[in-house]
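Since the structure comes first, as C-alpha cells, the remarks are kept for the end.
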Protein chains: 2
Amino acid sequence: MCEAYSKEKTIEMRKKHIGPSCKVFFAKDPIKIVCAKGQYMFDEKGEKYLDCINNVAHVGHSHPEVTKAAVKQMELLNTNSRFLHDNLVQYAERLTATLPERLSVCYFVNSGSEANDLALRLARQYSGHNDVITLDHAYHGHVTSLIDISPYKFQQLGKEAKKEYIHVAPSPDTYRGKYREDHPDPGAAYAEEVNDLIREAHQNNRQIAAFIAESMQSCGGQIIPPPGYFQKVAEYVRNAGGVFIADEVQVGFGRVGEHFWSFQLQGEDFVPDIVTMGKPIGNGHPMSCVVTTKEIAEAFGATGLEYFNTFGGNPVSCAIGLTVLDIIEKEDLRGNATRVGNYLVELLQEQKDKHQMIGDIRGVGLFVGVDLVKDRQLRTPATAEAQHIIYKLKEKRILLSADGPHRNVLKFKPPMCFSKEDAKMVVDAIDELLTAFEEGTGTKRAAVNEQPGSKRKDTGHTHDSSNNVHSNACRTQKSGFRSKNHSVSNKRIRT
Amino acid sequence: MCEAYSKEKTIEMRKKHIGPSCKVFFAKDPIKIVCAKGQYMFDEKGEKYLDCINNVAHVGHSHPEVTKAAVKQMELLNTNSRFLHDNLVQYAERLTATLPERLSVCYFVNSGSEANDLALRLARQYSGHNDVITLDHAYHGHVTSLIDISPYKFQQLGKEAKKEYIHVAPSPDTYRGKYREDHPDPGAAYAEEVNDLIREAHQNNRQIAAFIAESMQSCGGQIIPPPGYFQKVAEYVRNAGGVFIADEVQVGFGRVGEHFWSFQLQGEDFVPDIVTMGKPIGNGHPMSCVVTTKEIAEAFGATGLEYFNTFGGNPVSCAIGLTVLDIIEKEDLRGNATRVGNYLVELLQEQKDKHQMIGDIRGVGLFVGVDLVKDRQLRTPATAEAQHIIYKLKEKRILLSADGPHRNVLKFKPPMCFSKEDAKMVVDAIDELLTAFEEGTGTKRAAVNEQPGSKRKDTGHTHDSSNNVHSNACRTQKSGFRSKNHSVSNKRIRT
C-alpha cells in the first residue's frame, strides 16, 4: 500500500497539527487505514479488518456507484441552492416519499449537528418556547446548542453544565433503567416521566419547545424505546405547545431493516414533527437533512429571515444522496439488514447460553447491542471486560466498539452489506475471547454448570413479533459467574 | 442541456419540498443552472452567465483537477478521522504553513458555521469567559450560537433578539461609519469603541471570551478595516482575558492577492488567536477548518471532552483541500487576483468619474465593493438603484449581487480565474446601465457638467500603497446628481 509517511511520522504530525480533543480509535496503538471496500478496511500493511462499526459507509465503503454519481455531477456543476437545480427537488421528493405524508418539507445541511441545531431553531420558532426535553445519556452533536442538550457530553463538565432550559428525562432503558421488562407498561411509565418534567417546567414558568430523542439511543447504549413511548411523549409535548424531534442521524436509512426509519418501529400511528438525518445519507459525503411539516416550515419562514446553507443541497451532494437511495433499494440492503441482523442475534443468543458475561442482547436489523455484565442478576456493567474484548478483537482484525453510559455495550452498526459470514466470524471471535477470559479467571465451570432451564427466552420484551426486535431476553437467569478477580483493570480504555 | 424537469416543474417541486426560508437568487425569475466551467455558468437553455459572485468555486467551477482528486480518493477510502490517515496530517501541515507559526493546530469541520461555532467553544473554554464582541452588520453563520453573534440576522428579529452576553461594536467603516476617512486615526478610534464595550461589560460583571470579526466584512458591505484596528482590538481583548477570532470563511485563501489571508493586510505584527476558514477551501466540497494556537487547543483538550466531527477531515475532503492549495499556486491565482482586481478597480474608478451614483469603490484583489449613492455628499444609499442594476445585469447574463446593511453595495467576489476581459465586460455593462438610468431620469447632464477638478483621487484612504487596497476615493466631490425622481421603487428586491 502506498503511504506518504510512515505510521510513526503520521502519528507525530497528527500530534503537532490536530487538536488533542480529536481522538483516535485504539489510542494506544491506533490503526492507519489506507483503503476500504464494502465492509472491509485495509491498513498500510494490507491487513484486512472486518468493519462492524462504520454506520456512515452505509452502502459499503468506496461504493463504485456513489463515486460515479459524484464524478458525473462534479464534472458538470457544484453550486449553492440559490440557483434552481433538478437534483435538489428530485432528492427532496424521493426523501420525503420515504416518510409519512405530513413530513414534506426539507432543509439540506452538511452534518447531523447542523441538522439538529436547525431542528431546535424550527421548534423554537414554531412553538415560541425555548426549553428542550432530552434523554439521559443522549448525544445530538458537537455545536454549542447541542452540547447543551447532550447529557452524554455536558455531564462530563460538572454539575453547572446543565442549562436551566434543558430538562433531562430518563433513558427508556428497560434493561438497566428505572422501569424494566417486569413493568406492565414501561412505555407509559417512561412517558409519564416526561410529563412530570413538563409539569415541573410549567410550575417554574418555563415552556417546552421540543422533546428530542434518537429513535433508538446509540451512544446511550443501543436502547430501543418500549412500545407506545413515543406516541405518549408526543401527546404530552404537543399538549404543552412543543414538538417532537426524532433524531435519525445514526439509525435511519433502513438500518432497522423492515422500516426505512427507526421511529416507524413505534407503529404507524406515530409521526414526529421534525426528523433529522445524517451519517449514512451520503455514504461519507458530508451532507444531512431536516424534514418537517408545512406548518412548522411556514412558521419558520414567517420571520422573513433567510436560511442559507452554503454547501447544503448542492447538486453533487444531492446526486450522491439519490444514488445512496437507489443502492439501498437495488441491493436490497434493508432485506439484508433484516436477514443478517436476525442471524447475528441468533448467534449471539447462543453465546448468551454459553457465557454469563452476556447480560442482554438487543437490536433490530443491523443495529445490535450486547450488554456485558459482571453479574447477571445485579446487571453490574462489565466495563473493563468490554474494553478488553474490543482491543482483543482488533488484534483479530475485527473493528467493534463499546458504548453506553458504562461503556460496556458492544455496539454493532456495520455497513449494510455486512454478511452472515461476517456475523459468524465476529461471534466466533467473541466466543473464543469470552471462553479464554473465563478460563483465565476460572469462571468457565460456572457457565458450563448452568441449569438447562435457563436457556434463552427471547420473547421477554419485544415491540411486536413482526418487528424482529430482540431485547432483554433471559433476564431472570442467576449468574454463577464472578469476574471480581480478573486481570483487566477497570480504568476506561479509549477505543 | 438535459433536464429532468421543466423549469416550471422545478419551481413547483421546490415550493412543495424546500423550506420557504431557503431563498433563490432573483426570486421573481430565478435561474436554473445546469453546468458551469471556470467563471461561467450555463442555464437549461445553454445561455452563458458571467459569474461575479461565487466565492466558493474559488479555483473555478468544475475544475478538473479537483474532480480528479475527489475520484481518486473516493475510490480508495472515505472514513472518519478516528483512523490515522496521511491526507489529514499532510493537509494540516500545508494549511498551517500558510499561517503565522503560532497558528499550528487544526480542527477539520464541514462548514463555516461549524468552524465559527467551534471557535467560540475554544475561546470560551480557554478564557473561562462567556461574552462575545461582534461587529455591527456581521454575519458569522446559521447555527443558533452564530445567529446570536450576527447582527445582520438577529437585528431582523426585533430588539429582544440581542442576547445580554453579546456586545456589538461599530463596523470599522470609514466611508459610512462613525469615524471616516477625514479622521486622523480611524483604526484607533474604532478600536477604542471596542475597549469601551469591554469596560462596560466589566462594570456589569461580565467577562469577554472573544472578539470575532471577518478580516474584511462581506455581508456588512465590503468593509476593509482601517490600518492598526486589529492590532489595537487584539491588545484590548487579550488584556481582558479574551481571544481574537479572525473569520476568513469568505475572504481567505488568497482572494486578496498578495496575502494568503485577509487579516495579513493589517501587517505582519498582527496574529489572531483563532482563524476560521470555509467557503473556498474545497471549491464547493463541504469542508471547513479552525486553526488555533497550541495553548488554546490544550486548554480545550484539558476538559477531557472528545471533539468528534463525523465527516470533518475525511480523506476525500483533505485530498480536495490539498488540490485546491496546489491549484492556487500552480495557476498563480493570487497573482491573477491582484492583476485583475487592480484592473477592475481602475475601470470602476473611470466609471466613478463618469457616474455620480458611484460613491465609493473599495477592495483588494478579487474582493471589491461599489457603494452606490443617491447623493455623493450625503452618501445616501442607492438601494433600489443597486437592485435595479443587479436585475438588469442578470438580463445581460452577468451575475452580481448587492449587499451591505443598505443592500446598495455591488459586491464582486468571483472565482479566482476571473479575467481582465470579464472585468471589462461587467464594467462596460454597468456603464451602459448607469448611462441609461441617468438618461431615463434626466440626470446625465449633471454628471457631464461635473468640474474637472473633481477627478478621481484614490490615495484618500489605503492601508499602505503596497497592499493595493483601494478605498474611499474622491470623497470630497460635490454631487450634482439627484435621483429622487427615478422610477425604481425603494422596496427591497430579493436577489
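Being buried (at least 23 other Cβ atoms within 10 Å of the Cβ) and modelled with pLDDT of 95 or more narrows it down to one residue among B:A189, B:A210, B:A201; which is it?
Exactly one residue qualifies, and that residue is B:A210.
Mind checking whether some residue in region B:227-246 is at pLDDT below 95 and in the same structural domain as B:L120 (by TED's automatic domain parsing)?
For region B:227-246, residues at pLDDT below 95 and in the same structural domain as B:L120 (by TED's automatic domain parsing): present.
Any idea which of (1) within 15 Å of the chain's Cα centre (by Cα); (2) without any contact (Cβ under 8 Å) to a residue 40 or more places away in the chain is the one A:D269 doesn't satisfy?
Single failed check for A:D269: (1).
Take region A:71-95 and flag every residue that is at the interface with chain B (Cβ under 7 Å from one of its Cβ atoms) and among the charged types (D, E, K, R).
Of everything in region A:71-95, those that are at the interface with chain B (Cβ under 7 Å from one of its Cβ atoms) and among the charged types (D, E, K, R) turn out to be A:E75, A:R82, A:D86, A:E93.
Conditions (1) more than 14 Å from chain B (Cβ to nearest Cβ); (2) farther than 30 Å from A:P184 by Cβ; (3) not in a loop (DSSP other than H, G, I, E, B), marked per residue:
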position	(1), (2), (3)
A:G220	yes, no, no
A:A234	yes, no, yes
A:V256	yes, no, no
A:H285	no, yes, no
A:I296	no, yes, yes
A:T303	no, yes, no
A:L322	no, yes, yes
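I want to confirm something. Restricting to region A:236-254 and keeping residues that are in a helix (DSSP H, G or I) and either in contact with a Leu (Cβ under 8 Å, 6 or more places away or on another chain) or of a type outside the set (S, T, Y) (or both), which single residue is farthest from A:G141 (Cα to Cα)?
A:N239
Could you tell me whether A:Y179 is buried (at least 20 other Cβ atoms within 10 Å of the Cβ) and farther than 26 Å from A:V249 by Cα?
Taking the combined requirement at face value, the residue satisfies it.
This table checks each residue for (1) more than 20 Å from the chain's Cα centre (by Cα); (2) under 23 Å from A:Q156 (Cβ atoms); (3) of a type outside the set (V, I, T).
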{"site": "A:D375", "(1), (2), (3)": "yes, no, yes"}
{"site": "A:L378", "(1), (2), (3)": "yes, no, yes"}
{"site": "A:A384", "(1), (2), (3)": "yes, yes, yes"}
{"site": "A:L393", "(1), (2), (3)": "yes, no, yes"}
{"site": "A:P414", "(1), (2), (3)": "no, no, yes"}
{"site": "A:E432", "(1), (2), (3)": "yes, no, yes"}
{"site": "A:F437", "(1), (2), (3)": "yes, no, yes"}
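Tell me which residues, restricted to region A:267-287, are surrounded by fewer than 24 Cβ atoms within 10 Å (Cβ to Cβ) and of a type outside the set (D, E, K, R).
A:G267, A:F270, A:V271
Here is a yes/no grid of residues against (1) more than 7 Å from chain A (Cβ to nearest Cβ); (2) over 30 Å from B:I149 (Cα atoms); (3) outside any loop (DSSP other than H, G, I, E, B); (4) of a type in the set (S, T, Y):
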position: B:L103; (1), (2), (3), (4): yes, no, no, no
position: B:L118; (1), (2), (3), (4): yes, no, yes, no
position: B:R121; (1), (2), (3), (4): no, no, yes, no
position: B:Q125; (1), (2), (3), (4): yes, no, yes, no
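Consider A:E114 carefully, then state whether it is among the charged types (D, E, K, R), surrounded by 23 or more Cβ atoms within 10 Å (Cβ to Cβ) and within 27 Å of the chain's Cα centre (by Cα).
Against the criterion (among the charged types (D, E, K, R), surrounded by 23 or more Cβ atoms within 10 Å (Cβ to Cβ) and within 27 Å of the chain's Cα centre (by Cα)), A:E114 qualifies.
Determine which member of the set A:L400, A:L393, A:L410 is under 30 Å from A:D185 (Cβ atoms) and modelled with pLDDT of 95 or more.
The conditions single out A:L410.
Out of the residues in region A:140-168 that are among the aliphatic types (A, V, I, L, M) and without any contact (Cβ under 8 Å) to a residue 40 or more places away in the chain, which is nearest to the other protein chains (Cβ to nearest Cβ)?
Residue satisfying both the conditions and the ranking: A:V143.
For B:L99, only one of the following conditions fails: (1) touching a residue at least 40 places away in the same chain (Cβ under 8 Å); (2) buried (at least 19 other Cβ atoms within 10 Å of the Cβ); (3) not in a loop (DSSP other than H, G, I, E, B). What is its number?
(3)
How many of the residues in region B:422-462 are hydroxyl-bearing (S, T, Y), at pLDDT 80 or above and over 11 Å from B:H355 (Cα atoms)?
Going through region B:422-462 one residue at a time, the tally reaches 1.
Condition first: closer than 26 Å to A:A123 by Cα and either touching a Leu at 6+ places or on another chain (Cβ under 9 Å) or in contact (Cβ under 8 Å) with a residue 12 or more places away in the chain (or both). Now tell me which residues in region A:174-191 satisfy that.
Answer for region A:174-191, where residues must be closer than 26 Å to A:A123 by Cα and either touching a Leu at 6+ places or on another chain (Cβ under 9 Å) or in contact (Cβ under 8 Å) with a residue 12 or more places away in the chain (or both): A:G187, A:A188, A:Y190, A:A191.
Here is a list: B:F270, B:F311. Which entry is aromatic (F, W, Y), touching a helix residue (DSSP H, G or I) at 6+ places or on another chain (Cβ under 9 Å) and more than 7 Å from chain A (Cβ to nearest Cβ)?
Every option except B:F270 fails the conditions.
Out of region B:8-35, which residues are in contact (Cβ under 8 Å) with a residue 24 or more places away in the chain and within 7 Å of chain A (Cβ to nearest Cβ)?
Of everything in region B:8-35, those that are in contact (Cβ under 8 Å) with a residue 24 or more places away in the chain and within 7 Å of chain A (Cβ to nearest Cβ) turn out to be B:K23, B:F25, B:I31, B:K32, B:V34, B:C35.
Being at pLDDT 95 or above, over 30 Å from A:I430 (Cα atoms) and not basic (K, R) is the requirement here; does A:A92 meet it?
Yes: the conditions hold for A:A92.
Residue check: is B:E438 touching a residue at least 12 places away in the same chain (Cβ under 8 Å) and of a type in the set (D, E)?
Yes.
Would you mind stating whether A:R238 is surrounded by fewer than 20 Cβ atoms within 10 Å (Cβ to Cβ), over 14 Å from A:Y165 (Cα atoms) and more than 25 Å from the chain's Cα centre (by Cα)?
Considered against the rule, which asks whether it is surrounded by fewer than 20 Cβ atoms within 10 Å (Cβ to Cβ), over 14 Å from A:Y165 (Cα atoms) and more than 25 Å from the chain's Cα centre (by Cα), A:R238 comes out as yes.
Can you pull out the residues in region B:306-317 that are among the hydrophobic types (A, V, I, L, M, F, W, C), within 18 Å of A:F25 (Cβ to Cβ) and surrounded by 17 or more Cβ atoms within 10 Å (Cβ to Cβ)?
If the condition is that a residue be among the hydrophobic types (A, V, I, L, M, F, W, C), within 18 Å of A:F25 (Cβ to Cβ) and surrounded by 17 or more Cβ atoms within 10 Å (Cβ to Cβ), then B:F311 is the only one that fits.
The values are calculated or read from the model by the stated rules, or taken from the named source; none is laboratory data. Everything numeric in this text was worked out from a predicted model, so none of it was measured. So basically every Cβ, Gly included, is an ideal-geometry build from the backbone, and we count neighbours across all protein chains shown.
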